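Below you'll find the structure, written out as structure tokens, and then a few comments.
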Amino acid sequence: MVKFNNIGLVGRPGHAGVVDTLRRLLDFLATKKLSIIVDDLTAELIGDRKQQQCIKEELSRYCDLVIVVGGDGSMLNVAKYIVEDQVPVIGINRGRLGFLTDILPDELEAGIDDVLNGNYSVESRFLLDVSASCEGKEHLSSALNDVVLHPGKAAQMIEFELFVNGKFVYSQESDGLIVATPTGSTAYALSAGGPIMHPDLNAVVLVPMYPHYLGSRPIVVDGDSDIRIVVSARKNLQPQVSCDGQVMFVVSAGDEIRVRKKQKPLQLIHPSKHSFYQACRSKLGWGSRLARVDD
């Protein structure tokens with residue numbers, strides 16, 4: 001396993017517990033004689049700590065490991081900045097569910113120490129690239145969880161056509177469409193009735209949002225599929241496209257949205273005892289093993 005020497009820290013703003021955890025983490029890492037770099041927003045959180053800092057977009061230039069203190073949203077935000085340089089990332093959970101942030105605050109020292117000593121596993125999580133031509137401009141973005149076509153502020157149905165690998169799938173009236181990775185299958189797509197997909201799957205799920213027809217159901221397609229969504233020609237429609245919950249651009253009548261797998265995956269680090277099924281049991285309330293009585 002790779003030994004890490006240059007550690008980047010990113011903290012979620014607006015959460016009191018994050019500051020306490022960041023200070024504990026800095027104190028612990030100081031005993032390891034490692035180079036510590038924080039992004040500029042995290043530097044504001046820790047205040048009096050004089051740490052080397054850079055903007056978030058440049059973290060991967062200086063770090064060989066990034067530690068995120070926050071929730072899954074914080075991890076999603078960091079992923080797009082470090083994926084191209086293949087810098088691995090691990091999370092300390094200060095959010096709610098925390099499917100991407102494995103280490104609990106109470107286990108901070110033991111969990112990070114294991115990672116620094118090489119006791120960890122690495123999981124590749126692929127992202128989605130999305131592109132659209134709107135009013136003569138090319139819009140590009142990426143998402144670790146999902147790409148979502150939705151009506152935005154107006155409560156109205158969207159009409160669109162769906163194509164996979166150039167083949168027509170259906171035309172649909174609904175509140176929109178969620179295109180989710182296995183990572184995103186336990187997020188917004190799950191709330192919309194989509195299936196849970198194991199992270200090792202090379203697959204994408206297409207989940208309609210409140211479809212007009214009851215026969216419209218989620219579809220799982222190959223992860224390398226070329227997905228094309230054509231917005232209806234209705235002039236009064238101006239739906240939005242969001243990536244990991246952030247609105248990236250507005251599309252209009254006749255615009256096309258293309259979604260494909262990103263070439264480089266995110267390198268997500270887990271503690272050595274991590275189990276996806278254990279995470280589902282603890283986060284989603286799945287039942288544990290039954291108590292058995294010997295005859």
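The values are calculated or read from the model by the stated rules, or taken from the named source; none is laboratory data. Predicted model only: the values in this text are computed from it and were never measured. Cβ sites come from the backbone with ideal geometry, for glycine too, and all protein chains shown count toward neighbours.
Worth pointing out:
- Those residues of the stretch 21-35 which are surrounded by fewer than 13 Cβ atoms within 10 Å (Cβ to Cβ) and assigned to a helix (DSSP H, G or I), in sequence order: D27, A30
- Just one residue in the set I269, I257 is of a type in the set (A, V, I, L, M, F, W, C) and within 21 Å of K137 (Cβ to Cβ); that residue is I257.
- Summed over the stretch 71-125, residues that are buried (at least 18 other Cβ atoms within 10 Å of the Cβ) and polar (S, T, N, Q) total 4.
- Some residue of the stretch 202-212 being in contact with a helix residue (DSSP H, G or I) (Cβ under 7 Å, 6 or more places away or on another chain), in a loop (DSSP other than H, G, I, E, B), surrounded by fewer than 20 Cβ atoms within 10 Å (Cβ to Cβ) and without any contact (Cβ under 8 Å) to a residue 60 or more places away in the chain: no
- Scanning the stretch 273-293 for residues that are in a strand (DSSP E or B), surrounded by 15 or more Cβ atoms within 10 Å (Cβ to Cβ) and either in contact with a Ser or Thr (Cβ under 6 Å, 6 or more places away or on another chain) or not assigned by TED's automatic domain parsing to the domain that holds T181 (or both) turns up nothing.
- Complete set of residues in the stretch 87-100 that are closer than 21 Å to K262 by Cβ and in contact with a helix residue (DSSP H, G or I) (Cβ under 8 Å, 6 or more places away or on another chain): V87, V89, I90, G91, F99, L100
- Screening V169, V115, V87, V148 for residues that are assigned to a strand (DSSP E or B), of a type in the set (V, I, T) and farther than 25 Å from V247 by Cα leaves exactly one candidate, V169.
- Residue in the stretch 172-201 that is surrounded by the most Cβ atoms within 10 Å (Cβ to Cβ), counting only those that are outside any strand (DSSP E or B) and among the aliphatic types (A, V, I, L, M): A189
- Number of positions in the stretch 36-55 that are surrounded by 12 or more Cβ atoms within 10 Å (Cβ to Cβ) and either closer than 14 Å to G95 by Cα or among the small types (G, A, S) (or both): 1
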